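The values are calculated or read from the model by the stated rules, or taken from the named source; none is laboratory data. These numbers come from a predicted model, not from an experiment. When we count neighbours, we look across all protein chains shown, and the Cβ atoms used for this are built from the backbone with ideal geometry, even at glycine. For the accessible areas, the whole protein counts, side chains as well, though only heavy atoms, and no ligand, DNA or RNA atoms are used. Shrake-Rupley method; radii C 1.70, N 1.55, O 1.52, S 1.80 Å.
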Number of protein chains: 2
Amino acid sequence: MAVDDTQRHQLDLQTTLDEVIGLLNKKEVINNLVQRSESHRHDLVQSLVEKQQLTALNRKLKQLHPADIAFVLEGLPIDQRFLIWDQLDSAERAAVFLELNDSVIKSLLGKMSQEEIVNVASYIESNQLAELITYLPEDIVLDVLNAIDKKSRSEVQSSLSFPKDSVGSLMDFDMVSVRASYDIGNTLETLRKNKMFPEKSDQLFVVSDSGLFEGVLSIKDLILNDADISVADVMIKGAFVLHTDDSLKDAASAFERYDLITVPVINLHGQLVGSLNVDRIVEYLEEHSQKELLSHVGLSEEEDLYAPVWKSAQNRWIWLGLNLCTAFIASRVIGMFEETIAQLVALAALLPIIASIGGNTGNQTVALMVRGLAMNQITKTNFKRFFMKEMSISLINGLVWGFVVSLFALIIYGNFDLALVMMGSMILTLLIAAFSGVVIPVTLDRFGRDPVMGSSVLLTAVIDCMGFFVFLGMAAMYLT
Amino acid sequence: MAVDDTQRHQLDLQTTLDEVIGLLNKKEVINNLVQRSESHRHDLVQSLVEKQQLTALNRKLKQLHPADIAFVLEGLPIDQRFLIWDQLDSAERAAVFLELNDSVIKSLLGKMSQEEIVNVASYIESNQLAELITYLPEDIVLDVLNAIDKKSRSEVQSSLSFPKDSVGSLMDFDMVSVRASYDIGNTLETLRKNKMFPEKSDQLFVVSDSGLFEGVLSIKDLILNDADISVADVMIKGAFVLHTDDSLKDAASAFERYDLITVPVINLHGQLVGSLNVDRIVEYLEEHSQKELLSHVGLSEEEDLYAPVWKSAQNRWIWLGLNLCTAFIASRVIGMFEETIAQLVALAALLPIIASIGGNTGNQTVALMVRGLAMNQITKTNFKRFFMKEMSISLINGLVWGFVVSLFALIIYGNFDLALVMMGSMILTLLIAAFSGVVIPVTLDRFGRDPVMGSSVLLTAVIDCMGFFVFLGMAAMYLT
């Protein structure tokens, strides 16, 4: 990366974002004023004012870390993004690209010429270039691959060949390895001579003369041991390694459990092929938790805060459409009992209580199951136990809240039978909610689907339909 | 930590958990068999079998990393946890404690004697001891503080004095600092002589002779530079620092943006007081994302998968109670229109459609706002823009889905006026949903509340009540 990475870190970015927005808006306001004044010196004044604002903007941008420029770009409307983007050279653009989210990358790539894209790509490391390439049209990909050297090209291709969310797809190819046959003294000498030393790492990888992975040498041991001690003697032999096909989710949880900084990645032949660093894991965790927040409500991470209204509206349609289908079914369930409702209109007013409490209970169970699944704590041996526990809790809650609800019905409508039906259907609905809350996420997980994404639609569908059916069905039998 | 930390890391913990459960269950099964056989050699056989099983269990435990023992404990029912806990010595218990979640720590502390607790505490580093101490009763705290040395005691007390979720509360006190006045050669010499070198770090902190923070020296520069170069010349002066009162949330986002490994923490006087390492940030992020998942449905992180049923049921009551209140209000809104419903029962069947689509739209907006707030991307200057965008999307969706819904009503009930009312109230409800979806989380955030926790209850309340009111109100005016 051509950009100095150690300077200009800042904790408070909101002020920076507001400053840049201020500069951009001032520019627009002045432009409008100048245009309205219709003076003869129109063009001259405008270009002078523009120049002044651009200088101020440029000065501000030069002070920012690439990650912070990315933050500002994500916080700006699409047209204003290009004003900033135009101020950056290819090296800066490359550094900023790595920090941007998908939708903003796409919006910027759409406006760049083929030549500009190839230029920027030449500044990006191979494993990260692989990520970027997936957004590019076929013909530009070939140009990009031709513009980089042979080693990088083969690395990009191998990165692309690993499945998404595998360790191989995120690992770095550049790493510093030392020979097991050396001693500490000539290891240090070689490192100094080649000016090679890993950044953001706490260990070096040790390989045999034939390139097989042997172990890791902590930098602490490298520095504190005497020069004549052999690397093989101080290295850690049974060190934790990852394989290219391990899942990133498991890797992230290992980083968390074992407080890891850098982990060697080896292939099936035991050869060292790359390294996975904690900074990539931190990024992965952040992205993942954002995705989860959005996928709860059926939104993809793609959704750009500044995407055009029409596109954003469509982005929400699949989810709304799905929910509408389940709402239609629930509506038809109620429709089946129209005669009963016509005889006792109070039933209509009590329906939302059934749906609300059922939905809440079910969603609580789903959240606990999703967490348990994410943490690998739900196994075949203890599944039955969780299941029984959730059912028991629902029974207790059905009795407690069923009583409260039937009291409400009794006070409002003074109908003892109605209160009893309310209590009975409340208990049944909560049992259905707990049952679905356990079974739905586990089933989705078993079939390799993300339980967060689908559980809540399915759950709502089941609970609304079954809850209404139970309540109105009991009412039809006992009340009318 | 007395436990060897580099060995026995493993990626797949589910198998391990099942193995331990298997061992514990086998023990129980055999005990039951032996008890039922009523043989004369009852006691002898039982103790022999028990011994055999304990040996197997012990062998398994010895192979596990403390973090993995913690994982196993969290995955076991409460009574079985103590069987494992009894096999660990104080040093192992200390290492495991640091990895356990709050509720399991509490369950274990409850069964330990005062002496055992003090013993375990003596193995724990001061900044982490501060965390543990918050769970202990007053009288044990004093014993624990008396059992550790003076330096640790003052560190524990200073850790406790920082607010929760501040950098100070999580920072490490142990760090390796070097003098700016030294050169690389005697810095290396001093480090070797004192056998001091930071673990899991990529830099050393540089202080002046009076202890003021001056900058950081990357380990790379320490190793690659010549011995006679002065530390002051190669250190990074404007390095990123954190202050004890910075928020952990901001710190975590800085770690992510700048790919940081270790950051020096300084106090208001510019003195170096500690360091914050990326492994603590990874833990913080993991905990935070779990909390978020659960707080969506009103559950605290406290909820132990194996907590007693009665306690778990109560844990869910506040949320259910809150939701019940809003459901009662929604129910009364419908109650106001009982006459209208009696005249046109179809209205009752259409109610869940209004609630479902309104709730979904609102929750999508809430999720986007919560993400925007978490990422600091919603500022005063661009708030209006987001607001207008969400309102426009809702208008579009209201027209699109309102049309679909009114078509449904027309087909099922063949009532053109009913379809029109459905369409009109759908548009209005979606506008209300977008309005509340923007305003509720922003207001909660402005008042320092967690927008994730409260938004969804408030949103459901507003949308259900207003949606029902709009729909039934329009129906009362135009249809009956």
Quiz item: B:Ser275 passes all but one of (1) among the small types (Gly, Ala, Ser); (2) facing chain A (nearest Cβ under 7 Å); (3) buried (at least 22 other Cβ atoms within 10 Å of the Cβ); which number fails?
Solution: (2)
Self-check item: Qualifying helices (runs of 4 or more DSSP H) (wholly inside the stretch B:293-395; at least 3 residues being at pLDDT 90 or above and hydrophobic (A, V, I, L, M, F, W, C))
Solution: B:317-336, B:346-374
Quiz item: Could we say that B:Phe471 is part of a helix (DSSP H, G or I) and surrounded by 18 or more Cβ atoms within 10 Å (Cβ to Cβ) here?
Solution: yes
Exercise. Could you identify the single residue in A:Met336, A:Met369 that is more than 7 Å from chain B (Cβ to nearest Cβ), in contact with a Pro (Cβ under 9 Å, 6 or more places away or on another chain) and touching a residue at least 24 places away in the same chain (Cβ under 8 Å)?
Key: A:Met369
Self-check item: Subset of the stretch A:446-480 (residues that are touching a helix residue (DSSP H, G or I) at 6+ places or on another chain (Cβ under 6 Å), of a type in the set (Gly, Ala, Ser) and under 17 Å from B:Gly359 (Cβ atoms))
Solution: A:Ser455, A:Ala461, A:Gly467
Self-check item: Failed item in (1) more than 7 Å from chain A (Cβ to nearest Cβ); (2) open to solvent by less than 20 Å² (accessible area, probe 1.4 Å); (3) under 27 Å from the mean Cα position of the chain (by Cα), with B:Leu347 passing the rest
Solution: (3)
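Each row is one residue, and each column tells you yes or no for (1) without any contact (Cβ under 8 Å) to a residue 12 or more places away in the chain; (2) more than 29 Å from B:Ile78 (Cα to Cα).
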residue: B:Ile105; (1), (2): no, no
residue: B:Met112; (1), (2): yes, no
residue: B:Val120; (1), (2): no, no
residue: B:Ala130; (1), (2): no, no
residue: B:Glu155; (1), (2): no, yes
residue: B:Ser159; (1), (2): no, yes
residue: B:Lys164; (1), (2): yes, no
residue: B:Asp172; (1), (2): no, yes
residue: B:Ala180; (1), (2): no, yes
Quiz item: Restricting the search to the stretch A:287-307, which residues are more than 9 Å from every other protein chain (Cβ to nearest Cβ) and open to solvent by 40 Å² or more (accessible area, probe 1.4 Å)?
Solution: A:Glu287, A:Lys291, A:Ser300, A:Glu302
Practice problem: Answer yes or no as to whether A:Tyr284 is more than 7 Å from every other protein chain (Cβ to nearest Cβ) and in a helix (DSSP H, G or I). | Solution: yes
Self-check item: Positions within the stretch A:214-252 being more than 8 Å from chain B (Cβ to nearest Cβ), open to solvent by 40 Å² or more (accessible area, probe 1.4 Å) and part of a helix (DSSP H, G or I), in sequence order
Solution: A:Asp221, A:Asp233, A:Lys249
Quiz item: What residue, of B:Glu155, B:Glu199, B:Glu131, is in the same structural domain as B:Asn277 (by TED's automatic domain parsing) and within 32 Å of the chain's Cα centre (by Cα)?
Solution: B:Glu199
Self-check item: Residue within the stretch A:139-149 that is crowded, with 17+ Cβ neighbours inside 10 Å, part of a helix (DSSP H, G or I) and touching a Ser or Thr at 6+ places or on another chain (Cβ under 7 Å) present
Solution: no
Quiz item: Identify, please: which residue in the stretch A:319-344 is under 34 Å from the mean Cα position of the chain (by Cα) and farther than 18 Å from B:Leu430 by Cβ and is, among those, least open to solvent (accessible area, probe 1.4 Å)?
Solution: A:Ala330
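Would you check if A:Val438 is over 21 Å from the mean Cα position of the chain (by Cα), within 13 Å of another protein chain (Cβ to nearest Cβ) and assigned to a helix (DSSP H, G or I)?
Against the criterion (over 21 Å from the mean Cα position of the chain (by Cα), within 13 Å of another protein chain (Cβ to nearest Cβ) and assigned to a helix (DSSP H, G or I)), A:Val438 qualifies.
So how many residues does the stretch B:308-353 have that are of a type in the set (Ser, Thr, Tyr) and farther than 23 Å from A:Met336 by Cβ?
2
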Quiz item: Looking at A:Gln80, is it modelled with pLDDT under 90 and either away from every other protein chain (no Cβ under 11 Å) or surrounded by fewer than 17 Cβ atoms within 10 Å (Cβ to Cβ) (or both)?
Solution: no
Quiz item: Given B:Arg316, B:Arg385, which one is at the interface with another protein chain (Cβ under 8 Å from one of its Cβ atoms), open to solvent by 50 Å² or more (accessible area, probe 1.4 Å) and closer than 30 Å to A:Glu286 by Cβ?
Solution: B:Arg385
Quiz prompt | Selection within the stretch A:172-190 - within 14 Å of chain B (Cβ to nearest Cβ), assigned to a loop (DSSP other than H, G, I, E, B) and open to solvent by less than 30 Å² (accessible area, probe 1.4 Å) | solution = A:Val176
Practice problem: Considering only residues that are among the charged types (D, E, K, R) and in contact with a helix residue (DSSP H, G or I) (Cβ under 8 Å, 6 or more places away or on another chain), look in the stretch B:152-171 and name the one that is most open to solvent (accessible area, probe 1.4 Å). | Solution: B:Asp165
Quiz item: In the stretch A:102-124, what residues are part of a loop (DSSP other than H, G, I, E, B) and touching a helix residue (DSSP H, G or I) at 6+ places or on another chain (Cβ under 8 Å)?
Solution: A:Lys111, A:Met112, A:Ser122, A:Tyr123, A:Ile124
Exercise. Would you mind finding the one in B:Glu99, B:Glu92 that is open to solvent by 10 Å² or more (accessible area, probe 1.4 Å) and either within 12 Å of chain A (Cβ to nearest Cβ) or touching a helix residue (DSSP H, G or I) at 6+ places or on another chain (Cβ under 6 Å) (or both)?
Key: B:Glu99
